[in-house]
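Working notes, beginning with the structure itself.
The values are calculated or read from the model by the stated rules, or taken from the named source; none is laboratory data. In this text, all values refer to a predicted model and were calculated from it rather than measured experimentally. All Cβ positions, glycine included, derive from the backbone under ideal geometry; neighbour counts span all protein chains shown.
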Ligand SMILES: Nc1ncnc2c1ncn2[C@@H]1O[C@H](COP(=O)(O)OP(=O)(O)O)[C@@H](O)[C@H]1O
Ligand SMILES: [Mg+2]
């Protein structure tokens, strides 16, 4: 097995001797992937990233980042980081912020000017390069934050809620930037409580709840158990022995949806194979059912997430100082 970008076997963090933000985290992020670190507010995502970037001291930490122990200075020089709610000095322009971060990374002046120009173009901020940060919207600050995280040409980039406060168009652009970062050969760790965002760009994810990783793996694998076909037909299904025996054979289930005038029936077949569905469709149509749609369905990340949060809620109620409602990701910000 090739070495991982991040390989953690046990990370713990207790703030002020009593707030157990991380309770034994294990995680593996492969090189060159966009990895989603997901979880409700207060789960410990930012704390974990701050430990990996040496912003916060761990209580206990066994693991490696870019093949070096966590905190190793040489490895940190190969890391990019967009913190949550980044703050840059209001009196600097976007261009000056990039220059400052380039200087902190000890990049020679000419080179950092070239990189800043490239990155400003990448994040769509060329026009605003000479405007002071104080006049930027939240979304513009996030864009400069993204550019800043790339100034040192990092191998791995930590992005903590990069689309926070960004409008839908900007969100899509940021998602595209993440994919480009991966295509450039970087590893991306995306912290997010926005699941649809992670669903479109991450191959693998970890879901954290109350300081623990409760799900970890490829989205495809994590949702495999829930894959099914849904066949929707207009109205109640006609009588017919043939289709009924096929439904029975597949272990499928028939539901009726809504009432007139859009009354419909739904056949839910617990399989992700298209072949057995064909015979069922033929039988339904032979019985004169009007098929409206045939859809392969799998659990969304949201389903997975709610399932994980609920299972943790039952197991570890009251730990981590989170209210139950927050755990559904819908509660107020801290
Ligand atoms: N500096 C801090 N001091 C004390 N508690 C903190 C600090 N930072 C975070 N916490 C607590 O640690 C837990 C995890 O927080 P955080 O890592 O920010 O979670 P997330 O990023 O998933 O929302 C929360 O209960 C939070 O209140
Ligand atoms: Mg956070």
>> Every residue in segment 259-312 that is within 30 Å of residue 209 (Cα to Cα), part of a helix (DSSP H, G or I) and in contact (Cβ under 8 Å) with a residue 24 or more places away in the chain, please.
In response: 301, 302, 303, 304, 305, 308, 309, 311, 312
> Residue check, residue 74 against (1) more than 16 Å from ligand 2 (Cβ to nearest atom); (2) buried (at least 20 other Cβ atoms within 10 Å of the Cβ); (3) assigned by TED's automatic domain parsing to the domain that holds residue 191; (4) in a helix (DSSP H, G or I), all met but one. Which one?
Replying inline: (2)
> What is the one condition in (1) within 18 Å of residue 213 (Cβ to Cβ); (2) surrounded by fewer than 22 Cβ atoms within 10 Å (Cβ to Cβ); (3) within 16 Å of ligand 1 (Cβ to nearest atom) that residue 63 does not satisfy?
Replying inline: (3)
>> Condition first: in a strand (DSSP E or B) and either within 16 Å of ligand 2 (Cβ to nearest atom) or touching a helix residue (DSSP H, G or I) at 6+ places or on another chain (Cβ under 6 Å) (or both). Now tell me which residues in segment 155-199 satisfy that.
In response: 157, 158, 159, 160, 188, 189, 190, 191, 192
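Conditions (1) over 28 Å from residue 41 (Cα atoms); (2) in contact with a helix residue (DSSP H, G or I) (Cβ under 7 Å, 6 or more places away or on another chain); (3) assigned by TED's automatic domain parsing to the domain that holds residue 173; (4) outside any loop (DSSP other than H, G, I, E, B), marked per residue:
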| site | (1), (2), (3), (4) |
| --- | --- |
| 87 | no, no, no, no |
| 97 | yes, yes, no, yes |
| 106 | yes, no, no, no |
| 116 | yes, yes, no, yes |
| 139 | no, yes, no, yes |
| 145 | no, no, no, yes |
| 149 | no, no, no, yes |
> For segment 25-50, how many residues meet the condition of being away from ligand 1 (no atom under 14 Å from the Cβ) and more than 17 Å from the chain's Cα centre (by Cα)?
Replying inline: 1
>> Here is a list: 14, 47, 53. Which entry is in contact with a strand residue (DSSP E or B) (Cβ under 8 Å, 6 or more places away or on another chain) and away from ligand 2 (no atom under 16 Å from the Cβ)?
In response: 14
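Can you tell which of 36, 32, 80 is within 23 Å of residue 123 (Cβ to Cβ), in contact with a helix residue (DSSP H, G or I) (Cβ under 9 Å, 6 or more places away or on another chain), assigned to a strand (DSSP E or B) and more than 16 Å from ligand 2 (Cβ to nearest atom)?
80
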